[in-house]
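As C-alpha cells, the structure follows; a few thoughts come after it.
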Amino acid sequence: MRTRFAGYVYATALAMAVGGASGAMAQEKTFDLKLSHWVPPSHPLQKALEDWGSSVEKDSGGTIKYKVYPAQQLGKAFDHYDMARDGIADLTYINPGYQPGRFPIIGAGELPFLMTNGKEGSQAFDAWYRKYAEKEMKDVKFCLAFVHDPGTFHSKSKKIMVPGDVKGMKIRPAHATMATFVTQLGGTNVQSSAPEVRDILEKGVADAVTFPWGSIPLFGIDKVTKYHMEVPLYVTTFAFVFNKDKYNQMSAKQKKVIDDHCTNEWALRVASPWADFEHGGIAKLKAAGNDVYQITPAQLAEWKKAAEPLEKSWADNVKKVGGNPDTIMKELKAELVKFKSAY
C-alpha cells in the first residue's frame, strides 16, 4: 500500500510540475518590437536589422516579434538614442557623434587614421567599448557597436589635397570629431543628418561632405559632387541600443535571447554587409566618371600632423567624465591590432 501510495504521490507531483511548466510557457508574454533606423530601406542596414529581428523571433519561439521602421519613420536621426530610452522604439540605430559631448569615450573611434577597414574594425571597436557602455549609455541597454568602412572628403568644386585646402570651405562633417577637425583647419561646419546631405550640397549650403563611399550614390550625393579623396580618413561609430523597460518586462528565457543577439559576433554580422557595400562605392564612383584621386605620402603626412590635436581634445573630454584617456586609447589600439584593423 505504501509503495502504491508513494507512486501515486510522485506521479501526481510530476504531472503538476509538467503542467505548471507548460502553463508558464503558454503564458509567456509576446512582445512586438519596433526596430528603428534613419537610413533608406535600400541601405544594407535594413537587411541587417531584419536578419537580427528574424533570428530573435526564431530563437524566442515566436514570443518576440519585430518590425523594422526605416528612414526616420519614428523620429529624426539625431533623436534615436532618446527614442530607445523613452520607448518610442525598442531597438534603435544610433550615431553617438550626432550629439557632440554626450558620449565622449566612444568618440575615440571617430579619430582620423585609426582604422583601416569596417569589418575587423567593428569587431575591435565593439570588444573595446563593452566595458564602458554601461556607464556612458546608462539610460538604455547597450546591444552592440560597429563602424562603417573608412570615409573621406567628397567635394563639389575642387580637390581637397592638403589640410590648407579646407580653409574657407563649408563642410558637412560626419560627426563631432570631424566637425572639430574642420574648424581647426579653418572651415565652417554645416550640420545635417545623412538623408539631408544632397539637399544642402545642391543648394550651396555646403561645399563638401565627409562620407563613406557606397553611401555617396545611395543618397544621391554623386549627382552633386565631383571630387573624391581616396584616403581612409575616418570611420563613424554606431551602436544598437535597447529600451530598458521592455527588456526588464521579458522572461529570463527571452532576456537570454536578446543577450545572445547583442554580442561581438553579431557586431560583425551587422557590420560586414555594410562594409562591403561602402568599399564597393570606390569602384562605382570611378566607373561613373567621378574624379577619384590619391594624395602623395608627403601630403598624407600633413594630414596626420594636422589631426594630432584631435586626440588631445578627445582626451580632455574623457577626463571631464572621470576617464583615463591614456588607458582607454591603449585598450582600443590593442583591440585594433588584435583584430588586424589598425591603421
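The values are calculated or read from the model by the stated rules, or taken from the named source; none is laboratory data. As the structure is a computational prediction, the values presented were derived from the model and not from experiment. Positions of Cβ are backbone-derived with ideal geometry, glycine not excepted, and every protein chain shown enters the neighbour counts.
Condition test on VAL270, is it of a type in the set (Val, Ile, Thr) and surrounded by 19 or more Cβ atoms within 10 Å (Cβ to Cβ)? So VAL270 fits the description; yes. Considering the range 240-262, and only residues there that are surrounded by 15 or more Cβ atoms within 10 Å (Cβ to Cβ) and among the aliphatic types (A, V, I, L, M), the residue that is nearest to the chain's Cα centre (by Cα) turns out to be VAL241.
Inspect the range 74-94 for any residue being surrounded by fewer than 23 Cβ atoms within 10 Å (Cβ to Cβ), in contact with a helix residue (DSSP H, G or I) (Cβ under 8 Å, 6 or more places away or on another chain) and at pLDDT below 95 and give the result as yes or no. Checked against the condition, which is being surrounded by fewer than 23 Cβ atoms within 10 Å (Cβ to Cβ), in contact with a helix residue (DSSP H, G or I) (Cβ under 8 Å, 6 or more places away or on another chain) and at pLDDT below 95, the range 74-94 yields at least one hit.
What single numbered condition from (1) touching a Leu at 6+ places or on another chain (Cβ under 9 Å); (2) under 19 Å from ASP51 (Cα atoms); (3) without any contact (Cβ under 8 Å) to a residue 60 or more places away in the chain fails to hold for PHE242? Among (1) touching a Leu at 6+ places or on another chain (Cβ under 9 Å); (2) under 19 Å from ASP51 (Cα atoms); (3) without any contact (Cβ under 8 Å) to a residue 60 or more places away in the chain, PHE242 violates only (3). Just one residue in the set GLN191, GLN184 is of a type outside the set (A, V, I, L, M) and more than 15 Å from ALA206 (Cβ to Cβ); that residue is GLN184.
If you go through the range 124-138 and pick out every residue that is among the aliphatic types (A, V, I, L, M) and over 17 Å from GLU331 (Cα atoms), you end up with 1.
Note on the range 306-324: residues that are touching a residue at least 12 places away in the same chain (Cβ under 8 Å) and out of contact with any Leu (no Cβ under 9 Å at 6 or more places or on another chain) amount to 8. Taking the stated definitions as given, is TRP266 aromatic (Phe, Trp, Tyr) and at pLDDT 95 or above? So TRP266 passes the test.
The residue of the range 143-159 that is farthest from LEU332 (Cα to Cα), among those that are more than 13 Å from the chain's Cα centre (by Cα) and in a strand (DSSP E or B), is SER155. Is there a residue being assigned to a strand (DSSP E or B) and under 14 Å from the mean Cα position of the chain (by Cα) anywhere in the range 107-124? Scanning the range 107-124, I find no residue that is assigned to a strand (DSSP E or B) and under 14 Å from the mean Cα position of the chain (by Cα), so the answer is no.
Applying the set (1) at pLDDT below 95; (2) under 24 Å from TRP303 (Cβ atoms) to LEU218 leaves exactly one unmet item: (2). If the condition is being in a strand (DSSP E or B) and buried (at least 22 other Cβ atoms within 10 Å of the Cβ), then the range 160-171 contributes only ILE171. Sort out for me the helices (runs of 4 or more DSSP H) sitting completely within the range 211-313 that have 3 or more residues that are in contact with a helix residue (DSSP H, G or I) (Cβ under 9 Å, 6 or more places away or on another chain) and assigned by TED's automatic domain parsing to the domain that holds ILE105. Because the criterion is at least 3 residues that are in contact with a helix residue (DSSP H, G or I) (Cβ under 9 Å, 6 or more places away or on another chain) and assigned by TED's automatic domain parsing to the domain that holds ILE105, the helices (runs of 4 or more DSSP H) in the range 211-313 that meet it are 244-249, 252-260, 264-287. Going through SER193, SER157 one at a time, which residue ends up being modelled with pLDDT under 95 and either buried (at least 19 other Cβ atoms within 10 Å of the Cβ) or over 24 Å from GLY118 (Cα atoms) (or both)? Just one listed residue meets the conditions, SER157.
Regarding HIS37, is this residue surrounded by 19 or more Cβ atoms within 10 Å (Cβ to Cβ) and at pLDDT 95 or above? Judged against the criteria, HIS37 is a match.
Only one of the listed residues (ALA174, ALA206) is in the same structural domain as LYS304 (by TED's automatic domain parsing), within 14 Å of the chain's Cα centre (by Cα) and in a loop (DSSP other than H, G, I, E, B). That residue is ALA174.
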